Amino acid sequence: MDRYILSVLVNNHSGVLSRIAGLFSRRGYNIDSLSVGETEDQEVSRMTIAVRGDAAVLEQITKQLEKQIDVIHVQVLNPQDSVFRELMMVKINTPQDKRAVVVELADIFKAKIVDVDTETVTVELTGETDKLEAFFRLIEPYGIRELVRTGLTAVGRGNETINDARLS
């Protein structure tokens, strides 16, 4: 199954996220990742939705989304023409004898240390999913106390915007 990233502009008001998520669950489609936030226009939110399936599943999802009243525009992002990022914050066990190694790994991955305690270090890392997964694999042996990820967010490369696409 292929992975598809949808960028969806929706009206920014209560219940929209619930209705969109319900659309997926009613049809038996799983959402791999979902991030939502207000755009430059506070009346509009942008959803980045990662789903798996074949071309027929993608077509069905796209058509169902476009039927929704609060959906303004749906765009399938091409990986070669888009930038994908995710944020991960992870609280890592760091006894004094292991702390330097964890700090060095964070530095190698260009992560930011956002909190230090006597027994833990909390690291913030932004990047493509593969980068986050690689960092996770390296620090996992030290002990993960807590982990949170935002889900994928994406934007097309270059001058064109989703707003340009919806107006054409």
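The values are calculated or read from the model by the stated rules, or taken from the named source; none is laboratory data. These numbers were taken from a predicted model, which means no experiment stands behind them. Glycine also receives a Cβ, built like all others from the backbone with ideal geometry; neighbour counts cover every protein chain displayed.
Structural remarks
- Comparison of 87, 125, 132 shows that the only residue that is outside the structural domain of residue 44 (by TED's automatic domain parsing), of a type in the set (A, V, I, L, M, F, W, C) and surrounded by fewer than 17 Cβ atoms within 10 Å (Cβ to Cβ) is 87.
- Meets criteria (closer than 20 Å to residue 151 by Cα, in contact (Cβ under 8 Å) with a residue 60 or more places away in the chain and not assigned by TED's automatic domain parsing to the domain that holds residue 128) for residue 34: yes
- Residue match in the stretch 66-88 (condition: within 20 Å of the chain's Cα centre (by Cα) and over 21 Å from residue 155 (Cβ atoms)): no
- Yes/no for residue 14 being under 26 Å from residue 160 (Cα atoms) and out of contact with any helix residue (DSSP H, G or I) (no Cβ under 9 Å at 6 or more places or on another chain): no
- Some residue of the stretch 151-160 being of a type outside the set (Asp, Glu), under 30 Å from residue 12 (Cα atoms), free of Cβ contacts under 8 Å to residues at least 40 places away in the same chain and not assigned by TED's automatic domain parsing to the domain that holds residue 36: yes
- Residue in the stretch 135-150 that is surrounded by the most Cβ atoms within 10 Å (Cβ to Cβ), counting only those that are touching a residue at least 40 places away in the same chain (Cβ under 8 Å) and part of a helix (DSSP H, G or I): 139
- Residue satisfying all of: in the stretch 90-108; crowded, with 19+ Cβ neighbours inside 10 Å and of a type in the set (A, V, I, L, M); nearest to residue 135 (Cα to Cα) among these: 106
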